[in-house]
Amino acid sequence: MTDSSFLNWPFFDPAHAEWKRQVDQWARDVGLKLVDHHDVDGSCRKLVAALGEAGFLKAVAPKEYGGLFASYDVRSLCLARETLAYHDGLADFAFAMQGLGTGPISIAGTPEQKAKYLPPVAHGKHIAAFALSEPDAGSDAAAMTTSATPDGNTHVRLNGEKMWISNGGIADHYVVFARTNEAPGAKGVSAFIVDADTPGLEIAERIDVIAPHPLARLKFTDCRIPAANRIGGPGEGFKVAMATLDVFRSTVGAAALGFARRALDEALHRATTRQMFGAAMSELPLTQAALAEMATDVDASALLVYRAAWTKDKVAPRVTREAAMAKMVATETAQSVIDKAVQIFGGLGVRSGVKVETLYREIRALRIYEGATDVQKIVIARETLKGAQPFAKAAE
Ligand code: COS
């Protein structure tokens, strides 16, 4: 039933359709069997290992370091996330975090850092994590207070806390953003790689959420790491974080799209098989209206997600505006599509374990993480205002 006609859009090459087919087959034959939502740590470890063995994680590393493409092919990342999310949120999560947790290294790391950290992640041997948010600095990321202070010429010491860290507790390394104070605000932040077994790094709390996945609060107490673990220049950490999010925000939109497509498929099956008032539910005009809105929302999201991915791959190194639009629209409309699917299912739609009930929980965090919808509006407005001109001048 799944509509894959979008693969004929000009954003894609024939290899993308084959990549999607392979990920889909793997999810059905292997991935789903590894998922146990009551054991999220164990499931994610198994999923990462199996995704690595199948070769799909090679999409997160450059070719030179065990990867598939010269640099990111964002369309492939999006297709993988969309397809995995269609089948299961945890399978998507396991894939996605390997990318986000190495993004800063791929984008701004030294050859030594890339050689050490990227191949094990691309082969599913190591688990990666990205530590930006803090208890009091989420949307306003530049307000972070975790500090990195020099310890002689060769080391730095980290102190502070990081919050909502996906893969916290199971990761082998964390990319940690900390204040180095070259300047106030965003220009005084640097990025560092911290191995999970470094003394002074503690998993202070495991966090249970609406759709559970490995998540933790990290605490750094005089955590001593080599200064050579800094990614990019001093004070460049915020830009590295934002450039990483420019790549991965489109993929969050893609995951939301996968959830929405699944909800639409579930709703179509339900509406065409459920009898109501003497006919199939799909004969009712109100059901048809809901299905029409759902289908249109899915295509609108797909257009924005793959426009952003294609633009990054083919046209422009920076896609801040396109990625923010893709993430905002795809996550918000997916929530609405899934809500309509739950409504079409009636009482069954809120029963624990029924697919649309799971989707209803799984979609919610995507409207928040990697930049809440409200942040995407700030980003889009700023980018749009850059193009603003006095009316008379624009009309000339
Ligand atoms: N790529 C490269 N550089 C970027 C960038 C991008 N996408 N976005 C911003 N920068 C640069 C800016 O150009 C600026 O440098 P210059 O002054 O040299 O030009 C610097 O970074 C600071 O940018 P800005 O002034 O926009 O910083 P703000 O603190 O105002 O940023 C927002 C505000 C809301 C955009 C930012 O904090 C943000 O995206 N927050 C959400 C963070 C997030 O996603 N959190 C979730 C954690 S990950 S699960």
Next on the checklist: Ratio of alpha-carbon Rg to the 2.2 N^0.38 Å globular estimate for the chain, to two decimals, please.
Outcome noted: 1.01
Checklist entry - Any idea of the accessible area per residue across the range 48-206, 1.4 Å probe, to the nearest Å²? => result 35
Next on the checklist: If amide hydrogens are placed 1.01 Å from N in the peptide plane, which non-local residues have theirs closer than 5 Å to the one on residue 133?
Outcome noted: 163
Item to check | DSSP-loop GluC sites (Glu not before Pro) across the range 182-287, with at most 15 other Cβ within 10 angstrom | outcome: 182
Checklist entry - For residue 204, which sequence-distant residues (separation of 5 or more, or a different chain) have an amide H within less than 5 Å of its own amide H, given hydrogens modelled in the peptide plane? => result 217, 218, 219
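Per residue, what volume in Å³ does the convex hull of the Cα atoms of the range 1-66 enclose? Spell out each step's value before the answer.
Numbers: hull volume 7.7 nm³, N = 66.
About 117 Å³ per residue, rounded to a whole number.
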Item to check | the range 49-65 residues near the modelled residue 13 label - backbone nitrogen below 14 Å, point 7 Å along Cα→Cβ | outcome: 63
Checklist entry - Against the longest alpha carbon principal axis of the chain, how many degrees, from 0 to 90 and to the nearest 10, is the axis of helix 285-310 turned? => result 30
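Using a 1.4 Å probe on the protein chains only, how many percent of the accessible area of the chain belongs to carbon and sulfur?
Ligands and nucleic acids excluded, carbon and sulfur reach 55 percent.
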Checklist entry - Ranked by accessible surface with a 1.4 Å probe, highest first, in what order do 123, 87 come? => result 123, 87
Checklist outcome for this item: Under the Karplus relation with 6.51, -1.76 and 1.60 and θ = phi - 60°, whole-Hz ³J(HN,Hα) for the range 115-129, x at Gly and Pro, equal 5, 7, 9, 7, x, x, 6, 5, 9, x, 8, 10, 10, 10, 8
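Would the range 132-172 count as rounded, prolate or oblate if I go by the C-alpha gyration tensor, calling it rounded below 1.5 in a/c and otherwise prolate when a/b exceeds b/c, oblate otherwise? Intermediate results must be reported in sequence, preceding the final value.
Values: a/c = 3.20, a/b = 1.37, b/c = 2.34.
In terms of gyration-tensor shape, oblate.
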Item to check | Å² of accessible area per residue within the range 339-396, as computed with a 1.4 Å probe and no ligands counted | outcome: 62
Checklist outcome for this item: Filtered hits (lysines, Cα-Cα < 26 Å from residue 239, offset >= 8 within chain) -> 58, 63, 114, 116, 162, 187, 219, 312, 314, 327, 377, 386
Item to check | trypsin sites (Lys or Arg not before Pro) lying in DSSP loop within the range 281-357, provided at most 13 other Cβ fall within 10 Å | outcome: 318, 351
Next on the checklist: I need the phi-derived Karplus couplings for the range 190-197: 6.51 cos²θ - 1.76 cosθ + 1.60, θ = phi - 60°, integer Hz, Gly and Pro marked x.
Outcome noted: 10, 10, 9, 9, 10, 5, 4, 8
Checklist outcome for this item: Total charge of the residues flanking residue 148 in space, meaning their Cβ is under 9 Å from its Cβ, with Lys and Arg +1 and Asp and Glu -1, is +3
Item to check | Karplus (6.51, -1.76, 1.60) ³J(HN,Hα), θ = phi - 60°, over the range 380-390, in Hz, Gly and Pro reported as x | outcome: 5, 4, 4, 5, 5, 5, 4, x, 6, 9, x
Checklist entry - Rounded, prolate or oblate: which one fits the range 100-181, using the alpha carbon gyration tensor with axes a ≥ b ≥ c (rounded when a/c is under 1.5, else prolate when a/b beats b/c, else oblate)? => result oblate
Item to check | Inter-site label distance for residue 343 and residue 41 at 7 Å from Cα along Cβ, in nm | outcome: 4.1
Item to check | Residue order for 81, 230 - accessible surface, 1.4 angstrom probe, largest first | outcome: 230, 81
Item to check | In nm, spacing of pseudo-spin labels at residue 110 and residue 381 (7 Å Cα→C-beta vector) | outcome: 4.2
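When a/c is below 1.5 the answer is rounded, else prolate if a/b is larger than b/c, else oblate, so apply that to the range 1-126 with a ≥ b ≥ c taken from the square roots of the Cα gyration tensor eigenvalues. Don't skip to the answer; put the middle values down first.
Working: a/c = 2.20, a/b = 1.15, b/c = 1.91.
Taking the square roots of the gyration eigenvalues as a ≥ b ≥ c, the range 1-126 is oblate.
The values are calculated or read from the model by the stated rules, or taken from the named source; none is laboratory data. Given the structure is predicted, the values throughout are model-derived calculations rather than measurements. Neighbour counts run over all protein chains shown; Cβ positions are idealised from the backbone, glycine included. The area values use the complete protein model at the heavy-atom level, side chains included, leaving out ligands, DNA and RNA. Shrake-Rupley method; radii C 1.70, N 1.55, O 1.52, S 1.80 Å.
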